[in-house]
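A quick write-up on the structure given underneath.
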């Protein structure tokens, strides 16, 4: 349960408890625990208090912003979430629902207004959520676990627009469903003999770790692993299992196959490269929130999940600053100190500076040590204004006051997007977050190329659902699986991660864990700058033969030789090698001669850069003269949104993208002259199937990277380990940001931090 002292004034129950005899009391039936996304009916009964409720007065039931149970409605009694309200008093009731009808974080508001009369003490208002007696199937619950899903009730008994919280508002528990998939999680890079862990868990269909799985699991490694048992007993009630203190003595690629009691394969781990070298690969999700701000569950549960269920090496909690009171800031600092453990689990105290885009937009601030002053964008939701003089009301001022701090800053896109042209400090703002549960935003990095910024790539979840490091989007406006960052650091410590961040030695993914190595070498002399010469006076520098991702290097060479290696869990669809925004070469493990009867259709993009960026897709793909043998979905995270075959000749879909992409593969029986006709709400595309090859056939649908792509793939693609060497011409002026984007067949992506080369 969340401590009331740790929450801001926007929380109704943060105010003084009211006397239930004055303002009334509430009961809910049924109570108890209910499975995520199950269909239920709840009856909430409010008993009027001593003040009564005057004509046009009302009660309001509010729910958290992050809940993805869907909106309540009073229009169609045969549909989900139909709500009714009745009273035994001498008045009529009017129902109103608005998804932003109350204060953050309790945005979702159902208001029951009294009209044509008034209510006396002891009268009752009965609200039925998912009223099956009216013909509704019921109320859909949210897709994620929450021990205390609250029906917060407030009353405006005097009809003055002032809603007083009713004490002891009821709550239910939302629990995981049955297991549908097993996960086996390994890191991606370790040195021979270096310790690591294998994480095992079973998830329900919405990504919640579930305790309903049990059995004996057999572990089959591709390399000898010291400390790894042949079998493990996964006991009923286990949410996740972590096998620590494993090591591999010799170089190679480790993959662990997990089999069940019947010897069937239930999971295969991510790949782990064992290699001599100066760095390891440590995975983190440094950006998310808990229920003390706008998410769910407690900050302590947030750290528990990150370590024990997402198997992260590093994390941080990033609450919106205007909701962080001083008690909560102290509590977060105490938690990061308590959870931090060198070599096992690194935590950073920090917060999200949440200024509006007009004053610079969202930034994540991470301190190396606890006990630092929080510099808020405002005190918007905080009643205690005693330290308002410590605020930094715009991003320029933020960088000014953080100038002497031991900290790093990310720019990111959430409700507000960071405007890096308004303010940027290369000494502090080392990275751009280009993917989160909000979507994919390469433009946040590439905008900086034109401005001369030298930033690295990070990806995080910005998760609000209590699952840092394994953040599924569910059925809400979050359209993407949350991202992860791999830190190529000498050691798993705060110092190691900070040094890595300040030199941009990291890469980000859309949630998978792969090994990505990008290096550059030059024919002529090259000078490596250990700090950015654009922002530091006389930074340390040295002659080098080779540099890695994130480095800044000056050379007289006309070309750069880029060497890359990618090792993945799923087959590699393509690797784009880029100089700035230009794709200079596309690397695949197959060629035109390997293509088969598999066609991939992808939709992607966003409307614009602001809050309403979601692109809604309604489309169909019809195959004339070809029959669909089977279809596979790509990034179809919402199981209730349509993406299905219609007979043997068409696929129909409804989807949302926010800069990211979704789509499908079909394996076809094709006849000569067969065609494909795609029709969407954003345009149409038609082509002869025989003309579809390696190259994308593209429908440009406007917006922000909004488009449809169609291309052909091999029937089976075995390539999960690719290396390549590419010679890249270098421009004579400005930076050459050399970086790669990897896409795997299962829809995940990864981006290396650019190597910034100038001549």
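The values are calculated or read from the model by the stated rules, or taken from the named source; none is laboratory data. Bear in mind that the values here come from a model prediction, so they are computed numbers and not experimental data. Virtual Cβ from ideal backbone geometry, glycine too; neighbours counted across all protein chains shown.
The sole residue among 179, 170 that is under 19 Å from residue 637 (Cα atoms) and either touching a strand residue (DSSP E or B) at 6+ places or on another chain (Cβ under 6 Å) or in the same structural domain as residue 149 (by TED's automatic domain parsing) (or both) is 179.
Just one residue in the set 362, 389, 447, 425 is closer than 22 Å to residue 289 by Cα and either out of contact with any helix residue (DSSP H, G or I) (no Cβ under 7 Å at 6 or more places or on another chain) or surrounded by fewer than 21 Cβ atoms within 10 Å (Cβ to Cβ) (or both); that residue is 362. For residue 589, are the conditions met, namely being more than 30 Å from residue 518 (Cα to Cα) and either under 28 Å from the mean Cα position of the chain (by Cα) or in a loop (DSSP other than H, G, I, E, B) (or both)? No; evaluated as a whole, the condition is false for this residue. Here the strands (runs of 3 or more DSSP E) wholly within the stretch 90-179 that include at least 1 residues being under 34 Å from the mean Cα position of the chain (by Cα) and surrounded by fewer than 18 Cβ atoms within 10 Å (Cβ to Cβ) are 92-98, 146-150, 171-175. For residue 660, the conditions (1) closer than 30 Å to residue 728 by Cα; (2) surrounded by fewer than 19 Cβ atoms within 10 Å (Cβ to Cβ) are fulfilled apart from (2). The single residue among 398, 402 that is surrounded by 16 or more Cβ atoms within 10 Å (Cβ to Cβ), farther than 26 Å from residue 438 by Cα and out of contact with any helix residue (DSSP H, G or I) (no Cβ under 9 Å at 6 or more places or on another chain) turns out to be 402. Residue 257 satisfies every condition listed in (1) farther than 15 Å from residue 183 by Cα; (2) surrounded by fewer than 18 Cβ atoms within 10 Å (Cβ to Cβ) except (1). Tell me, which strands (runs of 3 or more DSSP E) wholly within the stretch 428-533 include 2 or more residues that are at pLDDT below 95, over 23 Å from the mean Cα position of the chain (by Cα) and more than 30 Å from residue 706 (Cα to Cα)? Output list reads 515-529. Under the condition of being touching a helix residue (DSSP H, G or I) at 6+ places or on another chain (Cβ under 9 Å) and either closer than 28 Å to residue 417 by Cβ or buried (at least 24 other Cβ atoms within 10 Å of the Cβ) (or both), the residues counted in the stretch 287-312 number 14.
Applying a threshold of 8 Å to beta carbon distances and a minimum spacing of six or more residues, or different chains, the list of pairs starting in the stretch 427-445 at a residue that is on the phi > 0 side of the Ramachandran plot and ending at one that is part of a strand (DSSP E or B) reads 439/413; 439/606; 439/657. When the stretch 547-560 is filtered for residues that are more than 34 Å from the chain's Cα centre (by Cα) and part of a strand (DSSP E or B), the ones remaining, listed by number, are 554, 555, 559, 560.
Considered as a group, the residues in the stretch 676-703 that are in a strand (DSSP E or B) and crowded, with 16+ Cβ neighbours inside 10 Å include one that is farthest from the chain's Cα centre (by Cα), and that residue is 676. Screening residue 613 with (1) surrounded by fewer than 21 Cβ atoms within 10 Å (Cβ to Cβ); (2) within 29 Å of residue 356 (Cβ to Cβ); (3) not assigned by TED's automatic domain parsing to the domain that holds residue 729 gives one miss only, at (1).
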